[in-house]
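Notes to accompany the following structure.
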């Protein structure tokens with residue numbers, strides 16, 4: 001083999017070697033570029049905020065449906081114990097209504113209709129006592145409910161036995177005393193949401209309702 005043939009052979013070897021080396025470099029560079037691109041995309045995806053569920057404290061409460069009150073007891077319906085209690089309050093208040101204070105406002109808070117008119121009208125019970133310079137004091141007072149009790153709309157009725165011990169004074173001097181036990185039918189009237197004593201009548205024994 002002469003020199004020219006050896007040179008040609010070496011050149012081919014060199015060319016092949018360089019080709020292999022360049023090819024490997026290209027592959028390495030391509031791999032590095034691809035890996036860099038993957039890392040860049042991963043970094044972008046990692047930096048993107050992930051939406052989170054709101055905490056329980058930030059959730060607006062669900063409005064509750066209004067509760068129906070149709071089945072609640074009507075507060076304006078008078079019961080028998082309440083009627084008896086109203087009469088007891090009236091008997092206690094009589095100490096101030098027909099006593100030396102003549103408290104018309106107290107009478108207005110407990111009575112209406114005929115009962116109230118009988119107390120405060122001109123020439124009524126208060127005026128009569130004042131004209132005589134007289135008043136009443138009270139001892140024992142008691143209400144005993146009987147069988148009959150009725151409520152119809154804004155009116156109610158009850159039969160009771162009233163026991164009262166009374167002391168009559170004129171010019172601040174004691175005059176007489178009496179103990180009264182009578183059966184009455186009281187009529188109540190609902191007035192501006194308040195039950196009041198509107199009327200009464202004495203019941204003979206034959207009129208009692210059992």
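Bear in mind these aren't lab numbers, they're just calculated from the coordinates by the rules spelled out. A quick note: this is a predicted structure, and the numbers were derived from the prediction, not measured. For neighbour counting, all protein chains shown are included, and Cβ atoms are generated from backbone atoms with ideal geometry for every residue, glycine included.
For a quick check: sort 195, 136 by the number of other beta carbons within 10 angstrom, fewest at the front. List each step's numbers first, then the result.
Numbers: 195 21, 136 17.
The most exposed by this proxy come first: 136, 195.
Listing 179, 94 from the residue with the fewest other Cβ atoms within 10 Å to the one with the most, what is the order? Before the final figure, lay out the partial values.
Details: 179 10, 94 21.
By the 10 Å Cβ count, ascending, the order reads 179, 94.
Could you please rank 188, 102, 167, placing first whichever residue has the fewest other Cβ atoms within 10 Å of its Cβ?
Fewest-to-most Cβ neighbours within 10 Å comes out as 167, 102, 188.
How far is the Cα center of the stretch 76-128 from the Cα center of the stretch 145-192, in Å?
Measuring centre to centre over Cα atoms gives 10 Å.
First check a/c for the stretch 133-210, with a ≥ b ≥ c the square roots of the eigenvalues of its C-alpha gyration tensor; if it is under 1.5, answer rounded, and if not, answer prolate when a/b is larger than b/c or oblate otherwise. Working shown, then result.
Values: a/c = 3.20, a/b = 1.69, b/c = 1.89.
The shape class here is oblate.
Write down the Kirkwood hydrodynamic radius of the stretch 80-207, to one decimal in angstroms, obtained as one divided by the mean of 1/r over all alpha carbon pairs.
15.3
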